[in-house]
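Have a look at the structure below, then the notes.
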Amino acid sequence: MALRQKIIVADDHPLFRAALQQAVRQALSDAEIVEADTLEAVHHAVAEHPDADLILLDLHMPGAHGFSGLVFLRGVNPGIPVVVVSGSEENSVIRRAIDYGASGFIPKSSSLDTIAAAIRQVIEGEVWIPPEMIGHMDEISEEEARFADALSSLTPQQFRVLNMLTEGLLNKQIAYELDVSEATIKAHVTAILRKLGVHSRTQAVIAAKRLDVEAPRVTN
């Protein structure tokens, strides 16, 4: 008997998370669904469910800075395909998502039928992007690609520290938030700088900002 497929649905908006779940049920009627509403929750979900078949990942969720969450997930568990689901639908964003290791990109404006079809296609081992975008995307730079590779080498704790550096927190504040010593944070920062090939916290933050994506505008 075939095992039930397991899908991690990661989005911080309950209504859209519910819509994604509906699309998953439409694509895979008996799938087990694991929900996550922050990037931290996605990390826990991947740790608890390393056998997941697919992650549907919103780019703009708490704890994520653009493509950093995607790149990190691909580094932590490259065996789980990740499909980016985003309201940022520019060609450049879609191309970067694929170049950073996503197995697909689904615009949030897509219909449930389209989302379900995309999920089925990726589960079958293919890459899915909006058909109208094929052939209209530029490749990312070699520098961006190198940085993405370096970012994927960070440990989960180092990734958390880098995100907090990006938010402007001091070592003392990060130590408090993570409930560790300041010396531990200094050691993490040293390791982060070495892995990213930079020489200062400022350079690390500037490098991380390369992966940012402008959040889609919300219209009333």
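Starting from the eigenvalues of the Cα gyration tensor, five times each then square-rooted, give me the equivalent ellipsoid semi-axes of region 1-51, largest first, whole Å.
Gyration-tensor ellipsoid for region 1-51: 19, 16, 5 Å.
Order the peptides 25-32, 203-210 from the highest to the lowest mean number of other Cβ atoms within 10 Å of their residues.
Values: 25-32: 15.0, 203-210: 16.8.
Going by the mean number of other Cβ atoms within 10 Å, highest first, we get 203-210, 25-32.
Give the accessible surface of the chain per residue, rounded to a whole number of Å², with probe radius 1.4 Å and ligands, DNA and RNA excluded.
On the way: 11010 Å² over 220 residues.
Result: 50 Å² per residue.
Largest first, how would Y176, Y100 line up by accessible area (1.4 Å probe)? Before the final figure, lay out each step's value.
Details: Y176 185, Y100 15 Å².
The residues order as Y176, Y100, largest area first.
Put a dot 7 Å past each Cα toward the Cβ at K172 and F16; how far apart are the dots in nm?
With each label point 7 Å from Cα toward Cβ, the separation is 3.8 nm.
Taking region 11-102 as the region of interest, what is the percent of Cα-Cα pairs per 10 angstrom bin, listed from the shortest bin to the one with the maximum distance?
Histogramming region 11-102 at 10 Å steps yields 16, 52, 31, 1 percent.
How high is the relative contact order of region 1-108? Use alpha-carbon pairs under 8 Å, at least six apart in sequence, and give a whole percent. Numbers along the way, then the final one.
Values: 176 pairs, mean separation 25.9, N = 108.
RCO, region 1-108: 24 percent.
Relative to a virtual label point 7 Å from the Cα of E126 in the Cα→beta-carbon direction, which members of region 1-37 show backbone nitrogen distances below 11 Å?
none
Just subtract the alpha-carbon distance of Q203 and L112 from 0.36 nm times their residue separation and send over the number in nm, one decimal.
Working it through step by step, the gained length comes to 28.6 nm.
Carbon and sulfur together cover what percent of the accessible area of the chain at a 1.4 Å probe radius?
Details: 5610 of 11010 Å².
Its accessible area is 51 percent carbon and sulfur atoms.
Under 5 Å between amide H atoms, partner at least 5 residues away or on a different chain: which partners does E35 have, H built in plane at 1.01 Å?
Placed amide hydrogens put V9 under 5 Å from E35.
What number in nm² do you get for the chain if you take the convex hull of its Cα atoms and divide its surface by four?
Details: hull surface 51.2 nm².
Hull-based average projected area comes out at 12.8 nm².
Solvent-accessible area of D212, probe 1.4 Å, all protein chains present, reported in Å² to the nearest ten, please.
D212 exposes around 60 Å² with every protein chain in place.
With an 8 Å Cα cut-off and a minimum separation of 6 or more residues, compute the relative contact order for the chain in percent.
It rounds to 19 percent for the chain.
Got a sec? Which residues in region 171-186 would a label at E40 touch, if it sits 7 Å along Cα→Cβ and we count backbone N under 11 Å?
Only 177-179 pass the distance filter.
Near I119, within a Cβ-to-Cβ distance under 12 Å, what is the net charge of the other residues, with Lys and Arg +1 and Asp and Glu -1?
Values: positive: R25, R120; negative: D53, D113, E124, E126.
Summing Lys and Arg as +1 and Asp and Glu as -1 gives -2.
Excluding residues fewer than 8 places away in the same chain, name every one of the aspartates and glutamates whose C-alpha is closer than 14 Å to that of K209.
Within the straight-line cut-off, K209 pairs with E143, E144, E167.
Can you list the residues, at least 5 places off or on another chain, whose amide H is less than 5 Å from the amide H of E89, using H built in the peptide plane?
Under 5 Å from the amide H of E89 lies no amide H from a residue far enough along the sequence or on another chain.
The values are calculated or read from the model by the stated rules, or taken from the named source; none is laboratory data. All values derive from a computational prediction rather than experimental measurement. Glycine also receives a Cβ, built like all others from the backbone with ideal geometry; neighbour counts cover every protein chain displayed. Each accessible area value is taken on the protein alone, full model and side chains, heavy atoms only, with ligands, DNA and RNA left out. Shrake-Rupley method; radii C 1.70, N 1.55, O 1.52, S 1.80 Å.
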